[in-house]
1. Could you please give the count of residues in the stretch B:273-302 that are surrounded by fewer than 15 Cβ atoms within 10 Å (Cβ to Cβ) and touching a residue at least 60 places away in the same chain (Cβ under 8 Å)?
2. Consider the stretch B:160-181. How many of its residues are away from chain A (no Cβ under 14 Å), outside any loop (DSSP other than H, G, I, E, B) and either at pLDDT 95 or above or in contact with an Asp or Glu (Cβ under 6 Å, 6 or more places away or on another chain) (or both)?
3. Taking A:Cys31, is it under 24 Å from B:Asp59 (Cα atoms), touching a Phe, Trp or Tyr at 6+ places or on another chain (Cβ under 6 Å) and within 14 Å of chain B (Cβ to nearest Cβ)?
4. How many of the residues making up the stretch B:128-152 are out of contact with any Phe, Trp or Tyr (no Cβ under 6 Å at 6 or more places or on another chain), away from every other protein chain (no Cβ under 14 Å) and modelled with pLDDT of 95 or more?
5. More than 30 Å from B:Thr293 (Cα to Cα) and of a type in the set (Val, Ile, Thr): does that describe B:Val167?
6. Is it true that some residue in the stretch B:99-107 is in the same structural domain as B:Ile267 (by TED's automatic domain parsing) and without any contact (Cβ under 8 Å) to a residue 40 or more places away in the chain?
7. Mind checking which residues of the stretch B:182-237 are hydroxyl-bearing (Ser, Thr, Tyr) and in a loop (DSSP other than H, G, I, E, B)?
8. Within the bounds of the stretch B:224-237, is there any residue that is under 26 Å from the mean Cα position of the chain (by Cα) and loosely packed, with under 14 Cβ neighbours inside 10 Å?
Amino acid sequence: MAVIKVTQENFENEVLKSDKPVLVDFNADWCGPCKMLAPTMDAIADERDDIKVVSINIDDEDELAEKYEVFSIPCVVVFKNGEEVNRSVGLRPRADIEGLLR
Amino acid sequence: MRYDILVIGAGPAGMTAAIYGRRANKTVLVLEAASYGGQIINAHKIENYPVAPHISGFDFATKLYEQAKELGAEFVFEKAVSIEDKGADKIVGTPSGSYEAGAVIIATGSDKRKLGIDREDELVGRGVSYCATCDGAFFRKKTVAVAGGTRTALEDALYLADIAEKVYLIHRLDKFRGAEADLERLKARDNVELLLNSEITKLNADKRLESIEVKAKDGTVQTVEVSGLFVAVGRVPENQNFAAVIDLDDKGYANAKEDCLTRTAGIFVAGDNRVKEVRQLVTAAADGAVAATAAVKYLNEKA
């Protein structure tokens, strides 16, 4: 499955109410490391159907970024059953990102 | 497989070296510990590189990477942890094995220097940052501090003064190295306060940074409430794994002149990890060309 673009409007349905764990990638167009991370997130989304991968643009969705206290991007937050369970900040290899799910 | 040239580091210096090596028809392997591009991927816009007046750091790095790959350079994403000199053969070790090459170019660049205080690592992304232009936008109308006396510290403080409600600039000394103009511009800002002869001794946080403890040389200690702390205390060259084959200066930079030669025949250094005056994209690329050309000459003379 492809990465789903999430906004304030569908955040609750796509992330908080998801029955699978969700990797939420907070990013922005001007952020180089975010662009470097994007292919990793795409690959995880394509290859794993046991989780959901979503992308949030922090410039468009500043309320979500503020609510979840994102102070540096790229920031990947793992949600399970509507709760944050883990997060990583900065450009990380795929193994680290998937490691957040453990 | 044995390569003619093994380049350590896929930043602008290393990838330029790979291009020059391939164009001289040598086999080239680039080892990179993180991702291609190096520091430059953090630059929102590059405006001082000849012929590319407005390019993002990401685009610059990606184009350079694609150019090197197209010419036949191979990339492996592993960290080089050692170099063993066996004369005609150089063995480069990684955590999972080793690679053999005729010549090695060390283009590892530098990494951010940390303050080295408790909880610093834990609070990265929760208030502590090393890149004002990357993370400044998250501190709109908030109070932040910049730590350091580097030119970057002054530039960061100026940049943040436009975004944040208040900016403290905290420096161990009472003098700044260079950038007098930036210092004057900072002093003219109402929302910037300089705390000189002072250092940060503690980070106070629950889930995220709430305040910092600042200790002055005269012994006074104060707690300053900040949401963000931007650390700009310089950079550390990443040569520490290679001291067996190259000479380092007291700050850890590789002692090599503009010719990029080291004390070991067949081992060269290129880019920010070398002793030099100007550390810019264009000088990194220049080093890559010089080092690769020297490596090619070395290999051809041996053959």
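The values are calculated or read from the model by the stated rules, or taken from the named source; none is laboratory data. Owing to the predicted nature of the structure, the values given are computational and were not obtained by experimental measurement. Cβ coordinates were reconstructed from backbone atoms using ideal geometry, including for glycine residues, and neighbour counts include every protein chain displayed.
1. Residues in the stretch B:273-302 being surrounded by fewer than 15 Cβ atoms within 10 Å (Cβ to Cβ) and touching a residue at least 60 places away in the same chain (Cβ under 8 Å): 3 in total.
2. So the answer is 6.
3. no
4. Final tally of qualifying residues: 2.
5. Considered against the rule, which asks whether it is more than 30 Å from B:Thr293 (Cα to Cα) and of a type in the set (Val, Ile, Thr), B:Val167 comes out as yes.
6. No, the stretch B:99-107 contains no residue that is in the same structural domain as B:Ile267 (by TED's automatic domain parsing) and without any contact (Cβ under 8 Å) to a residue 40 or more places away in the chain.
7. Pass one, the stretch B:182-237, residues hydroxyl-bearing (Ser, Thr, Tyr): B:198, B:201, B:211, B:220, B:223, B:227.
Matches in the stretch B:182-237: B:Thr220, B:Ser227.
8. Taking the stretch B:224-237 first, the residues under 26 Å from the mean Cα position of the chain (by Cα) are B:227-237.
Filter once more, so that each one left must be loosely packed, with under 14 Cβ neighbours inside 10 Å: none.
Within the stretch B:224-237 (the criterion being under 26 Å from the mean Cα position of the chain (by Cα) and loosely packed, with under 14 Cβ neighbours inside 10 Å), the answer is no, since none of the residues qualifies.
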